[in-house]
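The structure under discussion appears below in the form of structure tokens.
The values are calculated or read from the model by the stated rules, or taken from the named source; none is laboratory data. A quick note: this is a predicted structure, and the numbers were derived from the prediction, not measured. Cβ placement follows ideal geometry from the backbone for every residue including glycine, while neighbour counts extend to all protein chains displayed.
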Amino acid sequence: MTVGRAVLAHDDAGPRDAPALLLVHGFPHGRWLWDAQVAALGDRARCIAPDLPGFGRSPALAAPSMDAYADALVALLDELAVERAVVCGLSMGGYVAFALWRRHPGRVRALALADTRAGADAPEAAQRRRELMALARGEGSAAVAESQLAGSLGKTTRATRPELVAAFRARLAEAPVEGIVGALEAMIDRPDSTPTLATIDVPTLVVVGAEDALTPPKEARALHAAIAGSRLVEIPGAGHVSCVEQPAAFTAALGGLLDAVGDA
Ligand code: MLT
């Protein structure tokens, strides 16, 4: 289904009067990415984990873009009567978080930027995405899942946790082709967020898996250096999906951000 303004499928767990934590998944994920964080933080934060447009059970957008995803998230916050949220985005979710900050800074209480980068696509990266679109259209989600798997998980996870690898592969393969293609187009077109970094003046956590091959720790260090007062956490034994591979360490870092925000 394609609609102009998405009503996003989402999980909403935790006390209504606790700080809201908006958890934004990456590509090609769904709200399931945050199951461990929702379970662990649901007693101290209102954890809102949506499926981005075109993923999970959320309808696709006619014209997907990072701005449109950000607007859809703000429409969800409106629906839930949440004025401001701690916004946590992983990888593509981080690109959406930058757009949300640019367009709706008053809705952002704090930021967690996980396994992400500020820069736009280089021409070679855009070309790889076009090839991935062709793969999605020609061979479907399972082929896309297979192509993303090795880069998504760190070497420790791949070598030692076959059940996690199998479960993650199966989850990736659930992503609808329409959502995959739309997100790839949106990522190709996304702007360079580097100039945005100096404008960020809310508490910010930058977190990265030490074995992240897609957005390596040097990207996280660059974000940390450019965002005044930010905190950097590097998680050993994790790759690109650090919240899934080392959930306890990731959740502890996010808990630190919630502590910093307090009840203010
Ligand atoms: C993601 O995990 O969201 C992707 O790796 C982002 C990207 O392809 O740039």
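Remarks
- Checked against (1) at pLDDT below 95; (2) within 16 Å of the ligand (Cβ to nearest atom); (3) small (Gly, Ala, Ser), Ala6 passes all but condition (2).
- Here Ala112 fulfils each of the conditions (1) within 18 Å of Ala226 (Cα to Cα); (2) surrounded by fewer than 20 Cβ atoms within 10 Å (Cβ to Cβ) apart from (2).
- The condition of being acidic (Asp, Glu) and under 21 Å from Gly239 (Cα atoms) holds for only one of Asp115, Asp78, that being Asp115.
- Residues (of a type in the set (Phe, Trp, Tyr) and either within 16 Å of the ligand (Cβ to nearest atom) or in contact with a Phe, Trp or Tyr (Cβ under 9 Å, 6 or more places away or on another chain) (or both)) located in the range 84-114: Tyr95, Phe98
- Qualifying residue in the range 230-246 (condition: in contact (Cβ under 8 Å) with a residue 24 or more places away in the chain, under 21 Å from Ala120 (Cα atoms) and over 15 Å from the mean Cα position of the chain (by Cα)): no
- Residue match in the range 171-193 (condition: of a type outside the set (Val, Ile, Thr), at pLDDT 95 or above, loosely packed, with under 14 Cβ neighbours inside 10 Å and over 18 Å from the mean Cα position of the chain (by Cα)): no
- Subset of the range 218-234 (residues that are assigned to a helix (DSSP H, G or I) and either crowded, with 18+ Cβ neighbours inside 10 Å or in contact with a Ser or Thr (Cβ under 9 Å, 6 or more places away or on another chain) (or both)): Glu219, Ala220, Ala222, Leu223, His224, Ala226
- Of the residues making up the range 141-163, those that are farther than 25 Å from Glu131 by Cβ, in a helix (DSSP H, G or I) and either of a type outside the set (Gly, Ala, Ser) or touching a Pro at 6+ places or on another chain (Cβ under 8 Å) (or both) are Thr156, Thr157, Thr160, Pro162, Glu163.
- Ala166 in a helix (DSSP H, G or I), closer than 28 Å to Leu135 by Cα and of a type in the set (Gly, Ala, Ser): yes
- As a summary of the residue check, Val86 satisfies the conditions (1) over 23 Å from Asp189 (Cα atoms); (2) in contact with a Gly (Cβ under 6 Å, 6 or more places away or on another chain); (3) not hydroxyl-bearing (Ser, Thr, Tyr) except for the one numbered (2).
- Taken as a whole, the range 128-147 holds no residue that is within 16 Å of the chain's Cα centre (by Cα) and either within 15 Å of the ligand (Cβ to nearest atom) or over 23 Å from Pro19 (Cβ atoms) (or both).
- Test: residue in the range 185-205 that is within 16 Å of the ligand (Cβ to nearest atom) and either in contact with a Leu (Cβ under 7 Å, 6 or more places away or on another chain) or free of Cβ contacts under 8 Å to residues at least 40 places away in the same chain (or both): no
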